[in-house]
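Engineer: Below is a structure I'd like to ask you about.
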Amino acid sequence: MGAPVADRLPAALARRIALAAQGFADPRPAGAVDGRQLRRMTSRLAVLQIDSVNVLSRAHYLPAFSRLGPYPRETLDDLADRHRELFEYWAHEASLLPVRLHPHLRWRMAAAEEHAWSSMVRIRRERPGFVTEVLERVRETGPLKASDLAEPRPDRPGSMWNWHAGKVALEWLFYTGVVTTRGRTAGFERVYDLTERVLPAAVLQAPTPEPADAVRELVRTASRALGVATERDLRDYFRLRPPAARAAIAELADAGELVPVQVTGWGAPAWLHPEARRPRWVRARALVSPFDSLVWERPRVERIFGFRYRLEIYTPAAQRVHGYYVLPFLLDDRLVARVDLKADRHAGVLRIQSAFAEEGVDRAQVTAALAEELALMAGWMQLGAVVAGERGDLAAELAAVVG
């Protein structure tokens, strides 16, 4: 038998399928958001990326606001820190994940020497006794922060890319799954503890799948979260290596769990989750974090939305086109604008540092909807007002509304 004939999907339908899979086709809750709705969202997305940048909000809090509207952030914290329904590990990047996925990532923990950063591998090889000492300290004295092991280095200020030996050792133990995150400090520093003292016994006792079976489940999970996706999209969700991902995709396709499709204008074969919703329209309004799974794969964003998006955090200020922390604005099924936002906590305001509209949009409609969403965000963040700056082709119109 030859390869199955791929169905054709119009680009607009593929866009709506992708939005529905990510939770943007559902209306926001009319009342207070609770743990049940957050569980549904985290189960659907499977990955909440974590990032240390806090110019607006910690990244993992924003996807729930984008989809559900204002919610108590401590409820999301409780899912991880009190109920232990989420755990932290390297997935797309550092991420919060449902604990059901822990067994399916053990192959990565076991193969840390192939996957972890060179500094981690080096300390394990060159200073195994030190790594053992750090582990024993966690075992004997309880939860530990990297700062508890910091070495005085007055000539080299610390940063996320300048780890001291204690931090590197803890990160090696974290990557291998021996320790995990018990929580984070107010300054967002990881608190490490033995995995056996943190995760539920039922999770730890779950059998470890063969690596091929685990990768297949990760691709299955990515497909459900993406709705329709290319091979690159599917493997990028959990940062899988191409050979293993391709084998998993082929097996899922043979089993009917992935349906081959050709999406108009995509220029690459795609795969549709067989249970993906095909909404006739999407009525959404959301500010989307740069680290949201809707937009973190920039080629996919350009392919689906015709929206060229780059993260400019590490670009020198004078060379930035749109700004430091830029959020795309989703209105219905289109990305129609982008805003560079800053939570000025000292002044108690949400600052719009720049605002740009996409070509061909209804600017009055976009401005009104964006102003409403910014006011909603400011209230959720307990900021008293929204203050518009002057940079960007939408800035003046937005300032007139929010002012």
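The values are calculated or read from the model by the stated rules, or taken from the named source; none is laboratory data. Keep in mind the model is a prediction, meaning the values are calculated, not measured. Because the Cβ atoms are built from the backbone with ideal geometry, glycine has one as well, and the counts that use them run over all protein chains shown. Remember, those area values only see protein heavy atoms, side chains included, never the ligands or the DNA or RNA. Shrake-Rupley method; radii C 1.70, N 1.55, O 1.52, S 1.80 Å.
Engineer: When you look at R345, is it surrounded by fewer than 22 Cβ atoms within 10 Å (Cβ to Cβ), within 19 Å of the chain's Cα centre (by Cα) and under 23 Å from H60 (Cα atoms), yes or no?
Structural biologist: no
Engineer: Among the residues that make up the stretch 293-301, is at least one of them surrounded by 22 or more Cβ atoms within 10 Å (Cβ to Cβ), outside the structural domain of A94 (by the TED database), acidic (D, E) and in contact (Cβ under 8 Å) with a residue 40 or more places away in the chain?
Structural biologist: Within the stretch 293-301 (the criterion being surrounded by 22 or more Cβ atoms within 10 Å (Cβ to Cβ), outside the structural domain of A94 (by the TED database), acidic (D, E) and in contact (Cβ under 8 Å) with a residue 40 or more places away in the chain), the answer is no, since none of the residues qualifies.
Engineer: Now for a different question. Kindly indicate which of R124, R182 is over 26 Å from R84 (Cα atoms), of a type in the set (K, R) and not assigned by the TED database to the domain that holds R84.
Structural biologist: R124
Engineer: Evaluate the stretch 53-64: report whether one residue or more is assigned to a strand (DSSP E or B), open to solvent by less than 60 Å² (accessible area, probe 1.4 Å) and either modelled with pLDDT of 95 or more or hydrophobic (A, V, I, L, M, F, W, C) (or both).
Structural biologist: no
Engineer: Might you let me know whether the stretch 388-402 holds any residue that is open to solvent by 20 Å² or more (accessible area, probe 1.4 Å), under 26 Å from Q22 (Cβ atoms) and either outside the structural domain of F238 (by the TED database) or of a type in the set (K, R) (or both)? Spell out the reasoning first.
Structural biologist: So the first thing to find is which residues in the stretch 388-402 are open to solvent by 20 Å² or more (accessible area, probe 1.4 Å), and the list is 388-393, 396-397, 399-402.
Of the ones still in play, those that are also under 26 Å from Q22 (Cβ atoms) are none.
Scanning the stretch 388-402, I find no residue that is open to solvent by 20 Å² or more (accessible area, probe 1.4 Å), under 26 Å from Q22 (Cβ atoms) and either outside the structural domain of F238 (by the TED database) or of a type in the set (K, R) (or both), so the answer is no.
Engineer: Additional query: From the list Q353, Q262, Q319, which residue is more than 21 Å from L374 (Cβ to Cβ) and in the same structural domain as V387 (by the TED database)?
Structural biologist: Exactly one residue qualifies, and that residue is Q319.
Engineer: Also, I was wondering about something else. When residues of the stretch 163-222 are filtered for being assigned to a helix (DSSP H, G or I), out of contact with any Ser or Thr (no Cβ under 9 Å at 6 or more places or on another chain), open to solvent by less than 30 Å² (accessible area, probe 1.4 Å) and farther than 13 Å from V134 by Cα, how many remain?
Structural biologist: Residues meeting the conditions: 8.
Engineer: Sticking with this structure for a sec: What number goes with the only condition from (1) under 24 Å from S293 (Cα atoms); (2) part of a loop (DSSP other than H, G, I, E, B) that A347 does not pass?
Structural biologist: (1)
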